[in-house]
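Since the structure comes first, as structure tokens, the remarks are kept for the end.
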Amino acid sequence: MANTSQISTDFFEGMEVVVKREEMLARYTSLRIGGPAEVLALPLTVEGLRLLLARARREGVPVFLLGQGSNVLAPDEGVRGIVVSLRRGFEQIELLPAGRIGGWRLRAGAGVKLQKLVRFSAERGIEGLEFADGIPGSVGGAVAMNAGTGHGEMAEVVEAVRILEREGEIRLLERKEIPFSYRSSRLPAGSVVLEAVFGLQSGEPAQIRRRLQEYQEYRRRTQPLASLNAGSIFKNPTGASAGALIDRAGLKGRRRGGAQVSERHANFIVNRGGATASDVLGLMAEIVDGVRVHAGVDLEAEIRLLADQRVL
Ligand code: EPU
């Protein structure tokens with residue numbers, strides 16, 4: 001990797017941004033895969049993020065959004081440019097009564113981990129987010145890709161999303177302005193989710209707890225939670241299950257380098273140690289081929305390549 005940097009030492013001057021140069025992305029992804037980011041930037045405020053984007057736009061520096069790195073494959077050779085992750089500074093949670101009886105409005109910053117939000121509302125006897133139990137990642141990524149499970153998806157509970165647009169404008173989008181579909185939100189190109197507002201309601205605490213326990217128990221039984229993974233690798237095709245299709249094609253346990261199709265759930269790839277992005281991509285290609293031959297179905301990736309997460 002060339003050491004020359006297009007990002008000058010004073011690029012971040014005066015910006016509320018934590019800057020790490022040549023930081024291994026593997027430290028920031030749930031699969032523990034990924035080479036060095038020329039700069040890994042952790043903005044601490046919206047203004048820090050806005051200034052960073054404005055300067056990057058002016059100077060033609062590429063910017064990629066990593067989020068929590070739980071649904072992202074980062075390349076082995078690393079990334080030239082700036083990789084942004086919204087964490088500290090984007091973790092505020094605010095609960096307000098909504099207009100209707102028993103209704104609540106929960107505002108959460110893009111960096112809030114979804115699991116924290118699920119617990120936060122369950123502990124207060126507020127229901128609506130239970131479906132998200134077990135989904136890794138944070139509010140920003142989950143909203144941007146309309147994350148979900150068989151029990152629901154973000155689109156069902158989102159009331160509004162505050163975004164920072166490519167041109168630097170901050171805008172609040174109402175639910176009806178966002179064309180959500182299966183694992184997609186089609187937010188304006190190049191925009192970054194700053195926070196989301198969820199519409200929830202009071203529920204029966206014991207029932208909420210029971211529901212969460214049931215979901216957790218099911219996941220523990222059916223998913224390789226103890227291994228490094230990135231959640232579901234492929235989207236479920238309409239009316240079918242990617243896991244079942246991969247399983248029936250006889251691909252469970254298939255291995256490429258350090259990457260393996262989980263024995264427990266065929267729509268998970270686990271890092272058995274030393275897996276590379278090219279191991280994972282190779283395995284994904286084998287899976288797509290295998291399922292096409294066996295079932296005549298074309299699987300579509302659910303995990304995102306960091307290269308496709310470019311905002312500038
Ligand atoms: N199945 C198999 N073999 C396997 C795996 C699954 O035959 O190796 C069968 C199961 O028996 C079941 C069906 O496939 O009949 C569906 O499997 P499962 O219930 O595990 O659900 P899934 O569609 O694979 C979804 C979400 C998960 C979420 C679970 C549980 C998607 C793409 N995935 O999995 O979300 O945890 O439901 O609610 O919708 C994620 O998005 O990253 C994720 C982990």
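Of all the numbered requirements in (1) under 16 Å from the mean Cα position of the chain (by Cα); (2) within 16 Å of the ligand (Cβ to nearest atom), Gln216 misses one, and that requirement is (1).
Of all positions in the range 163-184, none carries a residue that is open to solvent by less than 50 Å² (accessible area, probe 1.4 Å), farther than 24 Å from Glu214 by Cβ, within 11 Å of the ligand (Cβ to nearest atom) and in contact with a Gly (Cβ under 9 Å, 6 or more places away or on another chain). For the structure I just gave you, tell me whether Glu22 is open to solvent by 10 Å² or more (accessible area, probe 1.4 Å) and of a type in the set (Asp, Glu). Against the criterion (open to solvent by 10 Å² or more (accessible area, probe 1.4 Å) and of a type in the set (Asp, Glu)), Glu22 qualifies.
If the condition is being out of contact with any strand residue (DSSP E or B) (no Cβ under 9 Å at 6 or more places or on another chain), surrounded by 14 or more Cβ atoms within 10 Å (Cβ to Cβ) and either part of a loop (DSSP other than H, G, I, E, B) or of a type in the set (Asp, Glu) (or both), then the range 212-227 contributes only Leu225. Scan the range 139-162 for residues that are under 17 Å from Leu106 (Cα atoms) and near the ligand (Cβ under 9 Å from one of its atoms) and the total you get is 1. Residues that are assigned to a helix (DSSP H, G or I), touching a helix residue (DSSP H, G or I) at 6+ places or on another chain (Cβ under 9 Å) and hydrophobic (A, V, I, L, M, F, W, C) within the range 100-123 comprise Leu114, Leu117, Val118, Ala122, listed in sequence order. Only one entry in Ala230, Ala206, Ala249 is of a type in the set (Gly, Ala, Ser) and surrounded by fewer than 13 Cβ atoms within 10 Å (Cβ to Cβ), namely Ala206.
Put simply, of Glu286, Glu300 the only residue that is under 22 Å from the mean Cα position of the chain (by Cα) and either closer than 30 Å to Pro36 by Cβ or touching a residue at least 12 places away in the same chain (Cβ under 8 Å) (or both) is Glu300.
Just to be sure, is Ser241 near the ligand (Cβ under 9 Å from one of its atoms), within 18 Å of the chain's Cα centre (by Cα) and open to solvent by 30 Å² or more (accessible area, probe 1.4 Å)?
no
Every residue in the range 218-258 that is within 17 Å of Asp279 (Cα to Cα) and among the basic types (Lys, Arg), please. Listed by number, the residues that qualify are Lys252, Arg254, Arg255, Arg256.
Conditions (1) open to solvent by less than 10 Å² (accessible area, probe 1.4 Å); (2) not in a loop (DSSP other than H, G, I, E, B), marked per residue:
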site: Glu38; (1), (2): yes, yes
site: Leu42; (1), (2): no, yes
site: Arg50; (1), (2): no, yes
site: Ala56; (1), (2): yes, yes
site: Phe64; (1), (2): no, yes
site: Pro75; (1), (2): no, no
site: Val83; (1), (2): yes, yes
site: Glu94; (1), (2): no, yes
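So that you can scan it fast, the table gives a plain yes or no per residue for (1) within 13 Å of the ligand (Cβ to nearest atom); (2) farther than 26 Å from Thr222 by Cβ:
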residue	(1), (2)
Gly111	no, yes
Gln115	yes, no
Val118	yes, no
Ser121	no, no
Arg124	no, yes
Glu127	no, no
Glu130	yes, no
Gly137	yes, no
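Condition check: open to solvent by less than 50 Å² (accessible area, probe 1.4 Å), under 26 Å from Gly190 (Cα atoms) and of a type in the set (Ser, Thr, Tyr). Does Ser138 satisfy that? In short, yes.
For the range 257-294, the set of residues classified as within 15 Å of the ligand (Cβ to nearest atom), part of a helix (DSSP H, G or I) and open to solvent by 50 Å² or more (accessible area, probe 1.4 Å) consists of His294 only. Determine if the range 259-272 includes at least one residue that is without any contact (Cβ under 8 Å) to a residue 40 or more places away in the chain, over 22 Å from Gly69 (Cβ atoms) and out of contact with any Phe, Trp or Tyr (no Cβ under 8 Å at 6 or more places or on another chain). So far as the range 259-272 goes, yes, one or more of its residues are without any contact (Cβ under 8 Å) to a residue 40 or more places away in the chain, over 22 Å from Gly69 (Cβ atoms) and out of contact with any Phe, Trp or Tyr (no Cβ under 8 Å at 6 or more places or on another chain).
The values are calculated or read from the model by the stated rules, or taken from the named source; none is laboratory data. Small disclaimer: the values here were computed from a predicted structure and weren't measured. Please note: Cβ atoms are built from the backbone with ideal geometry, for glycine as well, and neighbour counts cover all protein chains shown. Ligands, DNA and RNA are excluded from the accessible area calculation, which covers all protein heavy atoms including side chains. Shrake-Rupley method; radii C 1.70, N 1.55, O 1.52, S 1.80 Å.
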